[in-house]
Amino acid sequence: MENVILITLEDILHYTSVSGSIDEYKVNPHIYNAQILYLEPILGSSLYERIITLVETDSISGETNYKTLLDSYITPSLVFHTMELFVPMNSFIIAEGGTFQFQPTNANPTSQSEIDRLSNKYRTIADKYDSKLVAYLCKNSSLFPEYTTNTGLVDKAETTNRSSGWYLGLNNIKSNIRI
């Protein structure tokens, strides 16, 4: 299976204030990494693979529930996780001669602490969209049988080191939360 990406540079431009002059080939690896690192643990492997297959075969438009899931919940989450990964790497060029930091003329370089702060802002926004995604999946789990019958779960709690607020339960919703 080819590395299928679920969002485009146009999605990033739509949801953020990123300049349109970013090269797609620089962003695409970060989109793919965001899918693997953040999205697959939330969806579980079965639902993730189903969505990838629908996108890869260009048949997602005929699957209304999956199209809604992708457009309204997955896309915003991926956009902000992609930016979280992209921002710290954007100013660096790794080439045969070494690693270089790009500094355009007529611009001031940004400090590492400011880059980290911006990346963390994108992470905060992405986490909010992740919560909306999980809530939607829990509420509509009957629409996505791969979500409730998944056998290839990745436990996000073991793979990330994030702090969060208090968890008080889901008021009798019968689903496993994957974050």
> Does at least one position in segment 86-96 carry a residue that is out of contact with any strand residue (DSSP E or B) (no Cβ under 8 Å at 6 or more places or on another chain) and farther than 20 Å from Tyr32 by Cβ?
Replying inline: yes
> Here are some residues: Glu40, Glu2, Glu10. Which one is over 12 Å from Thr82 (Cβ atoms), assigned to a loop (DSSP other than H, G, I, E, B) and among the acidic types (Asp, Glu)?
Replying inline: Glu2
>> Of everything in segment 14-40, what is within 16 Å of the chain's Cα centre (by Cα), closer than 16 Å to Pro76 by Cα and not aliphatic (A, V, I, L, M)? Give them in sequence order.
In response: His14, Tyr15, Thr16, Asn28, His30, Tyr32, Asn33, Gln35, Tyr38, Glu40
> When you look at Pro88, is it within 8 Å of the chain's Cα centre (by Cα), in contact (Cβ under 8 Å) with a residue 12 or more places away in the chain and part of a helix (DSSP H, G or I), yes or no?
Replying inline: no
>> Return the residues of segment 51-71 that are in contact (Cβ under 8 Å) with a residue 60 or more places away in the chain and of a type outside the set (A, V, I, L, M); say none if nothing qualifies.
In response: Asn65, Tyr66
>> For a quick check of your reading of the model, give me the residue pairs whose first member lies in segment 108-120 and is more than 11 Å from Ser91 (Cβ to Cβ), whose second is among the hydrophobic types (A, V, I, L, M, F, W, C), with beta-carbon atoms closer than 6 Å and at least 6 apart or on different chains.
In response: Leu118/Val87; Ser119/Val87
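Since every read-out is calculated from the coordinates, none of them should be taken as a lab result. Values in this document were obtained by computation on a predicted structure and should not be read as measured data. We place every Cβ from the backbone using ideal geometry, glycine too, and count neighbours over all the protein chains shown.
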